[in-house]
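Novice: Handing you a structure now.
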Amino acid sequence: MIGRVALFAAFIGLGATAAAIPAALPAAERSIGGSVLEAVPVLFAGLLIGVVLGGFFMRVLRPEVVLVLGCTLQSGGLIAFALSHTSLLILAASWLAGFGFGLSEVSATLCAKRESRGKSAAISLSALTGAVAITAACTPLLIVIAGSFVDPRLALMGVAVIPVAAAALVFATLRGQPSRANDEKARHGKRRTNLRVYVALVPFLLALPVYVGIETVFAGWSAVLPATLLDIDPALAGLGTSAFWMLMALGRYVAVVMTTRGAAAENIVVWGSAAGALCLFVAAGLTERAPEWAIIAIAIAVVAIAPSYGVIAGLALDRLSEGTAPDALGVLVACGAIGGALIPAAILIVAKDPASSLTFVICAGGLVAVAIAMKLSSNNEDAISAQLSRQ
């Protein structure tokens, strides 16, 4: 085990990467004189491949080793983004950062399950993803402040220090532990996760990609939305990313408090998704007439849905044994990454503009689907547990 400090450092690195690229998009577009909105789905395409390969790597390597590799690649992607002067290079750098993010996310989430030590993984992941949100909120502020004194590219390269520092910390904890590579390899070689596990996890496998896709719309274009709706200068639009992640942190830590005081984790997602859908329907009606109020409605929706990823993934992990967790976790995170890549891409094709009313209507409909899926998982909890107990 890598310990709580190293684990939090890894999630903090995820937060830095998650915010740095979206916050830099308006300035990058101004710099190259063209659109790079595609960087968001490309980022998640890289994340998807990272998740898939991460699951494969963890069959032969310790998750902590995969985590070190992922954090290092995140830094490489951020540095490449900062040095890119064409849209093609920016997209390639976004893909690399996403690839490292995917490796880090799947390995760090498995480490989080192990570190939970019998406690609910839903609560543990809510706290860890809250750390992601806080870091992601601060990162654009650092970029904007540093960018007023030095070249903005240097500011982005400074952010790249965060995930590589996390990699160094995780690596340092590994050096003090005996190697368990052979034990891990043997245990993985004997493990087979059969179809029954995935059938039992269907509600989570449906809810996670839809939610991640919707979160990606608002996270990935968190700087673009206020720049478009409120006509904010691109140099300051990155603060929209900070605002988004501050709202995410608020929602996630409220959920931690609620669950520790006895609230059902499933209900937090169900009612949060329903409230978020309502707010986005309102935002869709206000986009043209009162964009300021549309932004407020979107902000409320973000707070409402913020806990969803950690709760959905955590509840799924709570239902898995130590033996089935690595394979099933890889499938869960991969499904989320698919949603993160496809839903923003579909919105660019169908709605054309991330700030259009149609974008918000599509996202609202998706949140209704998430609420229904999680309600089904809650109603069939005993049946799901019975299926998994046979594994």
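The values are calculated or read from the model by the stated rules, or taken from the named source; none is laboratory data. Everything numeric here is computed off the predicted structure, so don't read it as measured data. As a convention, Cβ positions derive from the backbone with ideal geometry for all residues, glycine included, and neighbour counts pool all protein chains shown. What goes into the accessible areas is simple: the full protein's heavy atoms, side chains included, and nothing from ligands, DNA or RNA. Shrake-Rupley method; radii C 1.70, N 1.55, O 1.52, S 1.80 Å.
Novice: Has the range 57-74 got any residue that is under 20 Å from the mean Cα position of the chain (by Cα), under 25 Å from A345 (Cβ atoms) and among the acidic types (D, E)?
Specialist: Checked against the condition, which is being under 20 Å from the mean Cα position of the chain (by Cα), under 25 Å from A345 (Cβ atoms) and among the acidic types (D, E), the range 57-74 yields no hits at all.
Novice: A further question on this structure: Listed residues A284, A249; which is within 30 Å of S357 (Cα to Cα) and touching a Phe, Trp or Tyr at 6+ places or on another chain (Cβ under 9 Å)?
Specialist: A284
Novice: Count, please, the residues in the range 248-297 that happen to be of a type in the set (S, T, Y) and farther than 20 Å from G130 by Cα.
Specialist: Going through the range 248-297 one residue at a time, the tally reaches 1.
Conditions (1) at pLDDT 75 or above; (2) out of contact with any Ser or Thr (no Cβ under 8 Å at 6 or more places or on another chain), marked per residue:
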{"residue": "P291", "(1), (2)": "yes, yes"}
{"residue": "I298", "(1), (2)": "yes, yes"}
{"residue": "G340", "(1), (2)": "yes, no"}
{"residue": "C363", "(1), (2)": "yes, yes"}
{"residue": "N379", "(1), (2)": "no, yes"}
{"residue": "D382", "(1), (2)": "no, yes"}
{"residue": "S389", "(1), (2)": "no, yes"}
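Novice: With S75, S31 as the choices, which residue is of a type in the set (S, T, Y) and at pLDDT 90 or above?
Specialist: S75
Novice: For the range 211-222, does any single residue satisfy the condition of being open to solvent by 20 Å² or more (accessible area, probe 1.4 Å), in a helix (DSSP H, G or I) and modelled with pLDDT of 85 or more?
Specialist: yes
Novice: For the range 50-61, give me the residue count where each residue is part of a loop (DSSP other than H, G, I, E, B) and under 12 Å from V106 (Cα atoms). Lay out the reasoning, then the answer.
Specialist: Of the residues in the range 50-61, the ones part of a loop (DSSP other than H, G, I, E, B) are 58-61.
Among the residues that remain, those that are also under 12 Å from V106 (Cα atoms) are: 58.
Here the count works out to 1.
Novice: Please tell me if A181 is out of contact with any Cys (no Cβ under 9 Å at 6 or more places or on another chain) and at pLDDT below 90.
Specialist: Here the answer is yes, as A181 does meet what is asked.
Novice: Here is a follow-up. Could you give me the residue pairs with C-beta distances under 9 Å whose first residue belongs to the range 274-288 and is without any contact (Cβ under 8 Å) to a residue 24 or more places away in the chain, whose second residue is buried (at least 24 other Cβ atoms within 10 Å of the Cβ) and in a helix (DSSP H, G or I) wherever it lies, and which are 6+ apart or on separate chains?
Specialist: Qualifying pairs under 9 Å: V282/A294; V282/A301; V282/F360; L286/A294.
Novice: Just to be sure, is A136 under 15 Å from G13 (Cα atoms), out of contact with any Pro (no Cβ under 6 Å at 6 or more places or on another chain), surrounded by fewer than 24 Cβ atoms within 10 Å (Cβ to Cβ) and modelled with pLDDT under 90?
Specialist: Taking the combined requirement at face value, the residue does not satisfy it.
Novice: Shifting gears a bit: Restricting to the range 67-113, give me the number of residues that are open to solvent by less than 40 Å² (accessible area, probe 1.4 Å) and of a type in the set (V, I, T).
Specialist: Result for the range 67-113: 4.
Novice: Looking only at the range 255-273, how many residues end up being in contact (Cβ under 8 Å) with a residue 40 or more places away in the chain and not in a helix (DSSP H, G or I)?
Specialist: Total meeting the criteria: 1.
Novice: Give the number of residues within the range 288-306 that are open to solvent by less than 10 Å² (accessible area, probe 1.4 Å) and outside any helix (DSSP H, G or I).
Specialist: Number of matching residues: 1.
Novice: Would you point out which residue out of E64, E29 is among the charged types (D, E, K, R), part of a helix (DSSP H, G or I) and open to solvent by 10 Å² or more (accessible area, probe 1.4 Å)?
Specialist: None of the other options fit; the residue is E29.
Novice: Give all pairs with beta carbons closer than 6 Å in which a residue from the range 141-155 that is more than 18 Å from S222 (Cα to Cα) meets a residue that is surrounded by fewer than 19 Cβ atoms within 10 Å (Cβ to Cβ) and modelled with pLDDT of 75 or more; count only pairs at least 6 apart in sequence or on separate chains.
Specialist: Taking only residues 6 or more apart or on different chains, the pairs are A155/A146.
Novice: Could you tell me which numbered condition E322 fails, if it satisfies all but one of (1) out of contact with any Leu (no Cβ under 6 Å at 6 or more places or on another chain); (2) modelled with pLDDT of 90 or more?
Specialist: Checking E322 against (1) out of contact with any Leu (no Cβ under 6 Å at 6 or more places or on another chain); (2) modelled with pLDDT of 90 or more, the one that fails is (2).
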